[in-house]
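Working notes for the structure below.
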Amino acid sequence: KATLDVSHVVPHVEGAGSKATGTLTATLDGHVLFYRLVFHGLSGRAMTGQVHVGGVKARGPLMQPLCVPCLSPESGTFPMTDAQVAALRAGRLYVTVSTD
């Protein structure tokens, strides 16, 4: 389970609503990730939800789109490679929900 918070965005987004929060709850079954994404308080309509590879306070490349556009809640599954599973277990994945 992960908490999404606008204060974690790097670089900081000027004008982003400070009340934007969310959670991603996920279960890994072998190499398939089952997820549920919930968010609220965004500054506008959620345009994309994505999983990225990166560390704390570090931007990283897109790994997997979750929704385009997004409604809360969103849920689904996607397959993961060995490297992606290793990144997940090492705490090197993060989720973004972007507005226009």
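Please treat every number below as a calculation from the coordinates, not as lab data. None of the values given here were measured: they were computed from a predicted structure. All Cβ positions, glycine included, derive from the backbone under ideal geometry; neighbour counts span all protein chains shown.
Taking the range 82-100 and a reference point 7 angstrom along Cα→Cβ of Arg59, the backbone N atoms nearer than 19 Å belong to 92-100. Against the empirical curve 2.2 N^0.38 Å, the C-alpha radius of gyration of the range 24-73 lands at a ratio of 1.25. Here the chain is treated as a Stokes sphere of Kirkwood radius computed over C-alpha pairs; at 4 °C and 1.567 mPa s its diffusion coefficient rounds to 94 µm²/s. Placing a label point 7 Å from the Cα of Thr27 along the Cα-to-Cβ direction, no residue of the range 82-98 has a backbone N closer than 17 Å. Dipole size of the chain about its Cα centre, with +1 on Lys/Arg Cβ and -1 on Asp/Glu Cβ: approximately 180 debye, rounded to the nearest 20. Taking every alpha-carbon pair under 8 Å whose residues sit at least 6 apart, the chain reaches a relative contact order of 29 percent.
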